[in-house]
Every structure is written in structure tokens, then in C-alpha cells.
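The structure appears below as C-alpha cells.
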Amino acid sequence: YDLAIQNNPENSDYYYSKGIVYKSYYIGSTLEKMNRFEEALEYYDIAIQKDIENSNYYFNKATTLYKMDRLEEALKQYDFAIEKNSNNSNYYDNKAETLKKMKRYNEALEQYDKAILISPQSSYYYNNKAITLEGMGRLEESLEAYDLAIKQDPENSEYYFNKGKLYSGYFKAITLNKMNKFEEALLYNDQAIQKNPEISDYFNNKAETLFKMKKYKDALQFFDQAIQKNSENPLYLNNMAMTLDRMNRVQEALQYYDKAIQKNPENSDYLRNKADLLNQMKRFEEALYYYDLAIKKNPENANHHYNKGTINFENFQSGYFR
């Protein structure tokens, strides 16, 4: 690219292409590599200077700024891109994603609707809109948007997964009458698994739904399958431990809590969960040790302090620590 620019410094495509290379190559990189994003921006600016009518240059500059978390600047560049080409649905979708990240949800929805108006066949836009509606607590509308995404692309397992997860979260801890919604969540989990049986999250999500239905034996099987797919995810190990705990298989539960903590020793909830189990087992000194670790990791979590306070109170009352 440098040689091309040197030979023809007036060709804006060369500056643009060099910027694309920098952006693509360093996506998700560390702060050190963020300096390369700065370089990419410089080349986009040169490209824009050479050809101010090319909407793609503004769009790619905007996406680079988005990845740098410079969201206000990104919005301005998306607006420039839209001004140059108001018929590109991706521009509206990316602008919506930026607004969503800024928690400007109503404005984000307006942009998703514009993207959908231009490209009503794009399932991706319906899915993004559904996720935003879910975050706003507009759950029925979110489910409708997921249905539209599935209608446009029935082979995309992510959409079934998202809809199933919403059902599961929406209707947790409610009456037997609404347990039918859990059954519906399981149906969508199954469809997601059928479409893509290699995604560990799908098995974990189905297991979480079964756990909420108190079908612990079934939940255990699906947590186990999630772990088989991805044994490095501490959430799955913690979930397995919680299920074993509910089944009174306490020794096995402790082993899985230990595995979860080993994978992520910074997660205070895992430490407290182990402490709670040790407390149930009347291993009070060990329980206190893990409560203290949990509090050290996250002193703002009131549950950690409350649970520790309860064990202290109960056992000082009984004379255990005297």
C-alpha cells in the first residue's frame, strides 16, 4: 500500500485500503495495538480528504472509532456516511448499535427501523432490534422481533437461542400457569441445539431453564454436555456445582466449585457459593475463609457480608466459636 500511495498519491482508494488493513488486523487488540487504530484513522482522514463523497470512508472511520469507544465521534461519522448514501442499511444498523452502547435506546430503535425499512429481508437487523427491546424490558415486542428474525433466517441457531433465553429469563420464578413458557423456552433451546450442536452456550442455557423448573437431574445432563463442549468456561462449572448442591451431592458440588474458582479466582460469587455450601456442611471455619475471600474480591456485594454475618451470629449464639 505504501508503494501504491508513493506511486499515485492522489488515489484515495489506496489510503482507504491501508486503513482497512489496520482496522481489520487489530480488532480487539490491547492498548498497545490501539495506536494502530490511530494510524488507521489517519489514513481514513487522508482518504476522505482525497474523496469527500465516498460514504464508505466515513463508515469505516466510524466503525474504527466505535471499537476505540469514541462513541460521540463515531456517531458523527455515521451521520456523514448516511448523508452521502442514505440507502445503505448497514449504516443505520451500526449507528443503532452505537446509540445502544450509549444507552440511547429509543434513538437506537429508530435507526433499526430505518435499516429494516431499507432491507426488510435482513434477519440480523430484527435480531439486533430484539436485543435492544429486551434490554429496555419491552419483552413481548422483543419476542415478536425474534420471531421476525427467525422467519427471515430459520437456519440461524443464534436467533432460537436468544428467543429461548428471553423466555427463560422472562418467566423465571413464577407460577405453575406460566411454567408453559419454560416449556416454550426449552423448545427454542432444542431448535438452537439442533441447528448448531457445537455451541456450548445452547446446552448451558437449556440446563439453566431446567434448573429453574427444578428438573435438576435433567439440568445436570445438559450442564455436563456444555462442559464437554467447553471445559474452560467457569460459569458452566459453577452451574454444575449449584445443581449438585440442590441434589445434596455435596462432595461433588465442592469439587465443581473448586474447578470454577480455579478457572476464575476473581469471581466473588463462586467463592460465596462455596462458602454457603461449607456453611450447610457445618464446616464453619472454612466457610468464613471463603466469605472473607468473596468480600475481598467484591466488598460492595451486600450478600457476601450478609451471609458471613449470619454464620457468625448463628454460631456465636450457639457457642461454636467460644
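The values are calculated or read from the model by the stated rules, or taken from the named source; none is laboratory data. Everything numeric here is computed off the predicted structure, so don't read it as measured data. All Cβ positions, glycine included, derive from the backbone under ideal geometry; neighbour counts span all protein chains shown.
Residues in segment 115-130 that are buried (at least 18 other Cβ atoms within 10 Å of the Cβ) and assigned to a helix (DSSP H, G or I): Ala115, Ile116, Ser123, Tyr124, Tyr125, Tyr126, Asn127, Asn128, Lys129, Ala130. Scanning segment 63-100 for residues that are among the hydroxyl-bearing types (Ser, Thr, Tyr), in contact with a helix residue (DSSP H, G or I) (Cβ under 8 Å, 6 or more places away or on another chain) and at pLDDT 95 or above gives Tyr78, Ser89, Tyr91, Tyr92, Thr98. Checking each residue in segment 210-220 for being over 19 Å from Tyr257 (Cβ atoms), in contact (Cβ under 8 Å) with a residue 12 or more places away in the chain and surrounded by 15 or more Cβ atoms within 10 Å (Cβ to Cβ) picks out Leu210, Lys212, Met213. Looking for whichever is more than 22 Å from the chain's Cα centre (by Cα) and under 24 Å from Glu198 (Cα atoms) here; the options are Leu254, Leu220, Leu235. Which one fits? Result: Leu220 is the single residue among Leu254, Leu220, Leu235 that is more than 22 Å from the chain's Cα centre (by Cα) and under 24 Å from Glu198 (Cα atoms). So which residues in segment 227-246 are more than 19 Å from Lys214 (Cβ to Cβ) and assigned to a helix (DSSP H, G or I)? Selection gives Ile227, Gln228, Lys229, Pro234, Leu235, Tyr236, Leu237. Which of the residues that make up segment 182-206 are of a type in the set (Ser, Thr, Tyr), surrounded by 21 or more Cβ atoms within 10 Å (Cβ to Cβ) and either under 21 Å from Lys217 (Cβ atoms) or within 17 Å of the chain's Cα centre (by Cα) (or both)? Listed by number, the list holds a single entry, Tyr202.
The sole residue among Leu220, Leu210, Leu187 that is part of a helix (DSSP H, G or I) and either at pLDDT 95 or above or in contact with a strand residue (DSSP E or B) (Cβ under 7 Å, 6 or more places away or on another chain) (or both) is Leu220. With respect to the conditions (1) in a helix (DSSP H, G or I); (2) of a type in the set (D, E, K, R); (3) within 28 Å of Tyr146 (Cβ to Cβ), Glu198 lacks only one, and its number is (1).
Taking segment 103-128, which residues are within 19 Å of the chain's Cα centre (by Cα) and without any contact (Cβ under 8 Å) to a residue 24 or more places away in the chain? Residues satisfying the conditions are Lys103, Arg104.
Residues checked against (1) touching a helix residue (DSSP H, G or I) at 6+ places or on another chain (Cβ under 9 Å); (2) of a type outside the set (D, E, K, R); (3) at pLDDT below 90:
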| position | (1), (2), (3) |
| --- | --- |
| Leu109 | yes, yes, no |
| Asp113 | yes, no, no |
| Leu117 | yes, yes, no |
| Gln121 | yes, yes, no |
| Asn127 | yes, yes, no |
| Thr132 | yes, yes, no |
| Leu143 | yes, yes, yes |
| Tyr146 | yes, yes, yes |
| Ile150 | yes, yes, yes |
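The residues of segment 45-101 that are hydroxyl-bearing (Ser, Thr, Tyr) and assigned to a helix (DSSP H, G or I), listed by number, are Ser55, Tyr57, Tyr58, Thr63, Thr64, Tyr66, Tyr78, Ser89, Tyr91, Tyr92, Thr98. Pairs are defined by a Cβ separation below 8 Å, a sequence spacing of at least 6 or placement on different chains, a first member in segment 247-269 that is outside any helix (DSSP H, G or I), and a second member that is modelled with pLDDT under 95 and of a type outside the set (Ser, Thr, Tyr); the pairs so defined are Glu266/Lys297; Asn267/Lys297. Of the residues making up segment 248-298, just one is β-branched (Val, Ile, Thr) and closer than 20 Å to Lys217 by Cβ, namely Val250.
Quick grid of which residues meet (1) modelled with pLDDT under 95; (2) small (Gly, Ala, Ser); (3) surrounded by fewer than 17 Cβ atoms within 10 Å (Cβ to Cβ):
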site: Ser168; (1), (2), (3): yes, yes, no
site: Ile174; (1), (2), (3): yes, no, yes
site: Gln225; (1), (2), (3): no, no, no
site: Tyr257; (1), (2), (3): no, no, no
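Exactly one residue out of Ser29, Ser24 is surrounded by fewer than 16 Cβ atoms within 10 Å (Cβ to Cβ) and either assigned to a helix (DSSP H, G or I) or modelled with pLDDT of 75 or more (or both): that is Ser24.
If you go through segment 221-246 and keep only what is of a type in the set (Ser, Thr, Tyr) and free of Cβ contacts under 8 Å to residues at least 24 places away in the same chain, you end up with just Ser231. Can you find, within segment 270-322, the residue that is modelled with the lowest pLDDT among those that are in a loop (DSSP other than H, G, I, E, B) and of a type in the set (Phe, Trp, Tyr)? Applying the filter and picking the extreme gives Phe321.
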